[in-house]
1. Restricting attention to the stretch 161-171, does a residue exist that is open to solvent by 50 Å² or more (accessible area, probe 1.4 Å), of a type outside the set (K, R) and under 25 Å from Q216 (Cβ atoms)?
2. Is it the case that V101 is under 29 Å from E215 (Cα atoms), at pLDDT 95 or above, part of a strand (DSSP E or B) and open to solvent by less than 10 Å² (accessible area, probe 1.4 Å)?
3. Of the conditions (1) touching a strand residue (DSSP E or B) at 6+ places or on another chain (Cβ under 7 Å); (2) surrounded by fewer than 16 Cβ atoms within 10 Å (Cβ to Cβ); (3) free of Cβ contacts under 8 Å to residues at least 60 places away in the same chain; (4) part of a helix (DSSP H, G or I), N155 fails just one. Which one is it?
4. Every residue in the stretch 203-227 that is touching a strand residue (DSSP E or B) at 6+ places or on another chain (Cβ under 8 Å) and either among the acidic types (D, E) or part of a strand (DSSP E or B) (or both), please.
5. M200 fails exactly one of the following numbered conditions: (1) open to solvent by 40 Å² or more (accessible area, probe 1.4 Å); (2) in a helix (DSSP H, G or I); (3) of a type outside the set (V, I, T); (4) in contact (Cβ under 8 Å) with a residue 24 or more places away in the chain. What is the number of that condition?
6. Can you go through T88, T71 and tell me which one is of a type in the set (V, I, T) and touching a residue at least 60 places away in the same chain (Cβ under 8 Å)?
7. Does the stretch 42-63 contain at least one residue that is among the basic types (K, R), assigned to a loop (DSSP other than H, G, I, E, B), within 22 Å of T22 (Cβ to Cβ) and modelled with pLDDT of 95 or more?
8. I'm trying to understand the selection: among the residues of the stretch 104-131, which are open to solvent by 20 Å² or more (accessible area, probe 1.4 Å) and not in a helix (DSSP H, G or I)?
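The values are calculated or read from the model by the stated rules, or taken from the named source; none is laboratory data. Only a predicted model underlies this, so the values are computations on that prediction, with no experimental measurement involved. Virtual Cβ from ideal backbone geometry, glycine too; neighbours counted across all protein chains shown. Heavy atoms of the whole protein, side chains included, go into the accessibility calculation; ligands, DNA and RNA do not. Shrake-Rupley method; radii C 1.70, N 1.55, O 1.52, S 1.80 Å.
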Amino acid sequence: MGRPKPHHSASTSPRVHIDALTPVQHRARRHFRIAANVRIQRMLKHPHVSEFHSLAEYLYAGLLEGTPSVTGYVPQPFALRVGKRRYTPDFYVVDGDKRRVLELKPRGEFDPALWGPLDAFFSAQGMRFEVIPNEVVFARTIEAQNWLELVRALNLCRDLDTLAAEAALLDQCQAAGSLTVGDVVDPGDRDSTLELEVAMFRLLHRGRLTANLSEQALDYKTTVSLS
């Protein structure tokens, strides 16, 4: 894809310049990482070592991992200039047939001088620019932490073949209506049921199974069922 031309929505609006329209994570410099208390984790829907510049961003990535309609995302995806001001959004998200560019802010407060030009620019590129309040993310902290833990477990076992175990679990859930994690995983000998445990996590991540992960940590009493 060629280098896009500068865009401006009106003669009074600052121009928006972008280095490239292909979303690629732009990593922070060392001094910013220290100041921002950056969190780093290998994810699944962004299959790289991902860098998050705030707790809200980190938790939101967990929520994206747990949203079946989201097939991929990129943190800090674009380097832009709005007039003379540099700007990097927090996320690019592919959600079904929609492409979204997201900024997370306390109380959803975002500079109006940036909002108009960015909204017009991304709309012209077939993307929707949105600002999400941090408080909305923090209200779902337990759910986000569950998905982040599940992603860590899946990455540790990414080479494990679980196709047969997945089919068996789906059959079990269909026959029984629902299962608890304790029905699948042996707490006294987790190695013996590792394939089933990873299979269950993969099915949850793909949205084939569902569980209530919003109220308490994933444990042996958590119920899973067909989606």
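1. Scanning the stretch 161-171, I find no residue that is open to solvent by 50 Å² or more (accessible area, probe 1.4 Å), of a type outside the set (K, R) and under 25 Å from Q216 (Cβ atoms), so the answer is no.
2. Numbers: under 29 Å from E215 (Cα atoms): yes; at pLDDT 95 or above: yes; part of a strand (DSSP E or B): yes; open to solvent by less than 10 Å² (accessible area, probe 1.4 Å): yes.
The answer is yes for V101.
3. All conditions pass for N155, except number (3).
4. L209, T210, A211, T223, V224, S225, L226
5. All conditions are met except number (1).
6. Testing whether each residue is of a type in the set (V, I, T) and touching a residue at least 60 places away in the same chain (Cβ under 8 Å) leaves just T88.
7. Within the stretch 42-63, one or more residues are among the basic types (K, R), assigned to a loop (DSSP other than H, G, I, E, B), within 22 Å of T22 (Cβ to Cβ) and modelled with pLDDT of 95 or more.
8. Result: K105, E109, F110, D111, Q125, G126, R128, E130, V131.
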